[in-house]
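Taking it in order: structure first as structure tokens, then the write-up.
The values are calculated or read from the model by the stated rules, or taken from the named source; none is laboratory data. Computed from a predicted structure; not experimentally measured. Cβ coordinates were reconstructed from backbone atoms using ideal geometry, including for glycine residues, and neighbour counts include every protein chain displayed.
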Amino acid sequence: MILNDTIVALSTPPGRGGLGVVRLSGPDARAVAERILRFPKPDSLQNWHAAMAELIDASGATVDHVVVTFFAGPRSYTAEDVIEISCHGSPVVLRHCLERAMNAGARPAEPGEFTLRAYLNGRIDLPQAEAVRDLIDATTLYQARVAAQQAEGSVSRCIAPLKEQLVELISLLEAGIDFAEDDISVAPATEILRRLDPVVEGISRLRASFAFGNLVRSGFTLAIVGRPNVGKSSLFNRLLEQDRAIVTDIHGTTRDLVSEVAAIHGIPVKLVDTAGIRVSEGLVETLGIERSFQAMADADLTVVILDLTQPVASEDSELLARAQRQGRWLLVGNKADLAQPPGEHLAVSALTGQGIEELRQAIFDLIAPAGGIEQETGFITSVRHAQLLDESVEYLEKARGAVAENIPHEMLLLDLYGGLRPLDAITGATTADDILNRIFSTFCIGK
């Protein structure tokens, strides 16, 4: 991929809309824009200003009236010259704008190339680049908020002090080895462990936060099961906050799985409404019940619904036992507005909304790690980051073992560098010059 030329792409979703934005980035972005646009007067295109212009065809005829914004590098998203052309959202007009830009010297951008250039030009680091993708893919406001904070560098800020401490320890050991003849003492084991232990603990704690971070990023699946007419579809609609599933007094109304995505405390939850579990009275219903059992097996959490106006039946007990065998489960008694018999269930009313907030909290408490929501941005959401942190901890644990066994510092450094490399892969590389600069700035070796 050539990264020093000028690229162009449609930055809004394809299709018809009110507006569509064509973005240019590269050394010739301004020149390309001036070839395909006609401005009302010279020097209309000013840095960090919007200007009116006409999008013209090859013969000079006006195709559209557009708004053009110019961001001169390095104060732009890619740290290059960037032009954004806001056209009317006609697919014909947008396609014409792209073709004109390509004929004028730009090439089509590869997927993600604008953000790639921002990273390569030092505008953002890797976690920020990955957060841009997560922000675009967010389906809840909480996901968007977390992704936006990570795009501002929250992950790098968590890792930076740990990496700093590790680099300082490496510098100390390197100096002790390289300048031993200059009266620089070798660090004792107690000092090495005093510096190393907080790094290992900090990285391990950040890695453990992935349990909650992965939940925020990927969400979970919740299956609602029970006998016919206990209020599964009503509860499904109540949690979804819209009438999605058909609700009637007729037994067996739901014959197939109905699923939608809702948000519980900002976590995306795929709700699955299932067919009522009972002795089958037909082929279609039998197939629906089989799919209900499969939904239970596939779900991260199963909510078993009881009808509080009726005695607990053998089917209820069998269904609860199946849910308990398969994993996490929650027993909920519906129709609490009509009756509230004692029992080990959470009482709700899908009709009135009674107990629904308590149900949401109970679902969240069962799925989310304790204290997860309080971590706010102090957690990671990327599988790649989690794997790299695992690798770092593995090397640093080896280093701790090497210290206990009095392994020479030359060998100990191999493990320390092994623990540093995965952190570099997350935040950006630490070069040999960084280590050398740290040595000479920390120790007064001026002989």
Selected residue (criterion: surrounded by the fewest Cβ atoms within 10 Å (Cβ to Cβ)) from residues of the stretch 59-92 that are free of Cβ contacts under 8 Å to residues at least 24 places away in the same chain and over 21 Å from I7 (Cβ atoms): S59
Filter the stretch 123-155 for residues that are surrounded by fewer than 20 Cβ atoms within 10 Å (Cβ to Cβ) and more than 14 Å from the chain's Cα centre (by Cα); the one that is modelled with the lowest pLDDT is D125
Are any of the residues in the stretch 156-167 at pLDDT 85 or above, within 28 Å of V393 (Cα to Cα), of a type in the set (K, R) and assigned to a helix (DSSP H, G or I)? yes
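Give the stretch 36-53 a look and list any residue that's within 21 Å of R95 (Cβ to Cβ) and surrounded by fewer than 16 Cβ atoms within 10 Å (Cβ to Cβ), or say none. Break it down stepwise before answering.
Of the stretch 36-53, the ones within 21 Å of R95 (Cβ to Cβ) are 36-38, 53.
Hit for the stretch 36-53 is R38, nothing else.
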Kindly indicate the residue of the stretch 93-117 that is under 20 Å from the mean Cα position of the chain (by Cα) and farther than 23 Å from L388 by Cα and also surrounded by the most Cβ atoms within 10 Å (Cβ to Cβ) among those meeting that condition. F114
If only one of V393, V332, V383 is surrounded by 15 or more Cβ atoms within 10 Å (Cβ to Cβ) and farther than 17 Å from R205 by Cβ, which one is it? V332
Residue that is out of contact with any strand residue (DSSP E or B) (no Cβ under 8 Å at 6 or more places or on another chain), of a type outside the set (D, E, K, R) and within 30 Å of A131 (Cα to Cα), where the choices are A58, A104, A79: A79
Keeping to the stretch 414-447, report how many residues are modelled with pLDDT of 55 or more and either farther than 18 Å from L196 by Cα or touching an Asp or Glu at 6+ places or on another chain (Cβ under 7 Å) (or both). 10
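Tell me whether the stretch 79-92 contains one or more residues that are assigned to a helix (DSSP H, G or I) and in the same structural domain as G15 (by TED's automatic domain parsing).
yes
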